[in-house]
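Quick notes on the structure that follows.
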Amino acid sequence: MATEYDATEFIDTDFQAHKSPFAASAAASDDPLNPLRAPTREEVDRKVVEAQQKLAELKRAQDELERERSALEELRRRQTEFQTGRQEIVHNLTRGLGLLEEAEFNTLRDAQTMAKTITDFRDALEKVQAVHDETWTKENFSVELTRALTVVENARMEWNAARLKLPVLAGELKEIPKVEAAAPAPVVSPFASMSFGELCKFGLAMTWPLALVALLALGVLVAVIALRH
């Protein structure tokens, strides 16, 4: 009966045990799954391309983030501008409304005060004009005078009270500025335009009759004295 075939009978175990380690390392370097083997040129080129692709992707991502950041900064600026502008305009409008409402209230109050004052002035004026002192007699003179003084004093009180309430009446009794009299025109001497020589001639022409009279008087006096001697 034939024996079964054993493959291990044809393998020299001593040769396998003494095989060179360099052959084993060379075989390991050719194994693409070995992590210790040196990379090939194609693998290096492929990794360079992959790195460049990753850098390009990172650059695109960076540009996208820069655009997003710029958009967010613009949005923040506009939001800040909106908030600041809203606060400012709310403050201005609120203050303006308060001032206008106060001014409106004061205007209405002044208008009401003016209307009442106009009525009081008319009543006081009618009462003052109703006093006719020319009709008074000796019998009622004292009574009518007292009554008239009371009317005038009441009207004066109305006037003074109204001046305190209404500033428009404060300048009502300002004095009218007096018109200053025109200054007289300066007197111009008729000799102002004459030269010194002309003045001498004019003086001689005006004084020679007097000089002649003086000379004649002196001659007469000399003659009288000579006759006495």
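The values are calculated or read from the model by the stated rules, or taken from the named source; none is laboratory data. Fair warning: this is a prediction, and the values are worked out from it, not measured in the lab. Neighbour counts are summed over all protein chains in view; Cβ atoms, including those assigned to glycine, are modelled from backbone coordinates with ideal geometry. Side chains included, ligands, DNA and RNA excluded: accessible areas come from the protein's heavy atoms. Shrake-Rupley method; radii C 1.70, N 1.55, O 1.52, S 1.80 Å.
What the table shows:
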item: Members of the range 102-124 found to be within 19 Å of Val152 (Cβ to Cβ) and open to solvent by less than 50 Å² (accessible area, probe 1.4 Å), listed by number; result: Thr117, Asp120, Ala124
item: Filter result for Glu144 (open to solvent by less than 80 Å² (accessible area, probe 1.4 Å), more than 40 Å from the chain's Cα centre (by Cα) and on the phi < 0 side of the Ramachandran plot); result: yes
item: Failed item, numbered, when Thr137 is tested on (1) part of a helix (DSSP H, G or I); (2) open to solvent by less than 70 Å² (accessible area, probe 1.4 Å); result: (1)
item: Cβ-Cβ under 8 Å pairs, at least 6 apart or on other chains, the range 41-69 side outside any helix (DSSP H, G or I) and surrounded by 10 or more Cβ atoms within 10 Å (Cβ to Cβ), far side aliphatic (A, V, I, L, M) and at pLDDT below 95; result: none
